[in-house]
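Chemist: Next up is a structure, given as structure tokens.
The values are calculated or read from the model by the stated rules, or taken from the named source; none is laboratory data. Just so it is clear, the structure is predicted and the values come from calculations on it, not from any experiment. Here the Cβ is made from the backbone with ideal geometry for all residues, glycine too, and neighbour counts use every protein chain on show. Remember, those area values only see protein heavy atoms, side chains included, never the ligands or the DNA or RNA. Shrake-Rupley method; radii C 1.70, N 1.55, O 1.52, S 1.80 Å.
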There are 2 protein chains.
Amino acid sequence: MTPSAPRPDDPRPARPIRRRPGGRTARIRAQVLDAVLAELGEHGYDGLTMDAVAARADVHRATVYRRWGDVGGLLADVLDAASDDEWQPPDTASLEGDLAALNHEIQAALTAEPPIVAALIAASFRSEKADRAQRRLWEDRYARCEIIVTRAVRRGELPPHTDARRLLIAATAPLYHHLVLLRTPPDPHLPDDAARTAALAASAGAFTEFPPTTGT
Amino acid sequence: MTPSAPRPDDPRPARPIRRRPGGRTARIRAQVLDAVLAELGEHGYDGLTMDAVAARADVHRATVYRRWGDVGGLLADVLDAASDDEWQPPDTASLEGDLAALNHEIQAALTAEPPIVAALIAASFRSEKADRAQRRLWEDRYARCEIIVTRAVRRGELPPHTDARRLLIAATAPLYHHLVLLRTPPDPHLPDDAARTAALAASAGAFTEFPPTTGT
């Protein structure tokens, strides 16, 4: 298999970790992180070992131990490397369209084979370091997505002072709830349904600073 | 500490597993499940062992191994026992009120100390048996909550043919997303905000069979 960078929220065909200028150190990092992803995809967290990663990456064990410390350190670096990309949220010229496209990316990432994104989320329940790195990655992704709301406000689709983060969480949370926690089979309508629900609530002012009540 | 039954979505003061008629077998089960909860609350999944549970429950090790097999079997039985209660969702006479009260129960359960509900969810990423039992418990809870939507339809708050499950997931998913996955500090406004958002979307027809579009 081709080892691939984890790109939560981004289902585009997997690519090897980006080679950055930096010579040998950067090359070793890329080899090691590619090997982590390959091992994780094949064996999951329980089968992931420092030695297997070193062997697969063709890097000295001592280097891997010195630089990453343990499996948690490897996973954290994989997750940190995932933010080091050019990913931008979809731009479809409507709020509902943007949220739906985003949700399709999330659903594709969470149901991809090998299940690398799912394995990384599961690992975040096992390793403190992976947990912190997973949260940094989510923070990065949600921050990048705020432009979706800014554009919708600019187009007049949403009231000013709409809370972008709350809207984005409302739109995407049902995907994670179904696929990561409830573990229901993927529903092809869910990405669009969840986007439409959040867009309807947003149009009704649910995410403004002084929201209306439902009047019941 | 007083060992307590896990009652996901139910933050009422913890009680020991309910004693059912059945004599010695039922008594042993109650002792063992209480011990599992106490050990889990104190040491988490990683510190949970068959031997520590047997010792704490004052039950023969052989009995625990024969009846529950392994730690996954113990956790699954704890989760199955949690559905064996009289829990009903809140009835506040309005959809938004019911969803808000439900969300407050979920937030309280997910942030309780000791973190038993959180530990059980984390364990479901480690053990196949715990995973299946956790999903059965969620299914049970969401099925019981459908009455919230039935009542709202009956009161004329919602259109008939509102999809109860989709509405309930939309209302509760942000709580799980924040507290279980993103692990943000609990936001005291979140239960009410998420309830209001789902109620607004529901009033706008987001969960009916042929939903309106946002018209953009």
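Chemist: Working carefully through the options A:P159, A:P185, A:P174, find the one that is in contact with a strand residue (DSSP E or B) (Cβ under 6 Å, 6 or more places away or on another chain) and not small (G, A, S).
Modeler: Just one listed residue meets the conditions, A:P159.
Chemist: A further question follows. What pairs come out if I take residues in the stretch A:104-129 that are within 14 Å of chain B (Cβ to nearest Cβ) and among the charged types (D, E, K, R) and pair them with residues that are assigned to a helix (DSSP H, G or I) and open to solvent by 50 Å² or more (accessible area, probe 1.4 Å) whose C-beta lies under 7 Å away, six or more apart or interchain?
Modeler: Once the first residue is within 14 Å of chain B (Cβ to nearest Cβ) and among the charged types (D, E, K, R) and sits in the stretch A:104-129, its partners that are assigned to a helix (DSSP H, G or I) and open to solvent by 50 Å² or more (accessible area, probe 1.4 Å) give A:R126/A:Y45.
Chemist: So which helices (runs of 4 or more DSSP H) stay within the stretch B:63-144 end to end and still have 2 or more residues that are open to solvent by less than 20 Å² (accessible area, probe 1.4 Å) and closer than 29 Å to B:I28 by Cβ?
Modeler: Filter on the stretch B:63-144 gives B:71-82, B:116-123.
Chemist: Please count how many residues of the stretch B:149-161 are within 13 Å of chain A (Cβ to nearest Cβ) and in contact with a helix residue (DSSP H, G or I) (Cβ under 6 Å, 6 or more places away or on another chain).
Modeler: 3
Chemist: Does the stretch B:186-200 contain at least one residue that is in a helix (DSSP H, G or I), surrounded by 17 or more Cβ atoms within 10 Å (Cβ to Cβ) and more than 10 Å from chain A (Cβ to nearest Cβ)?
Modeler: Within the stretch B:186-200 (the criterion being in a helix (DSSP H, G or I), surrounded by 17 or more Cβ atoms within 10 Å (Cβ to Cβ) and more than 10 Å from chain A (Cβ to nearest Cβ)), the answer is yes, since at least one residue qualifies.
Chemist: Answer yes or no: is there a residue in the stretch B:38-45 that is in contact with a Leu (Cβ under 9 Å, 6 or more places away or on another chain), in a helix (DSSP H, G or I) and open to solvent by 30 Å² or more (accessible area, probe 1.4 Å).
Modeler: yes
Chemist: Also, I was wondering about something else. Show the residue pairs that are 6+ apart or on different chains and have beta-carbon atoms under 6 Å apart, the first residue being within the stretch A:198-209 and aromatic (F, W, Y), the second being open to solvent by 10 Å² or more (accessible area, probe 1.4 Å).
Modeler: A:F207/A:T162; A:F207/A:D163; A:F207/A:R166
Chemist: Only one of these conditions is not met by A:S83: (1) under 25 Å from B:F125 (Cβ atoms); (2) under 19 Å from the mean Cα position of the chain (by Cα); (3) modelled with pLDDT of 95 or more. Which number is it?
Modeler: (3)
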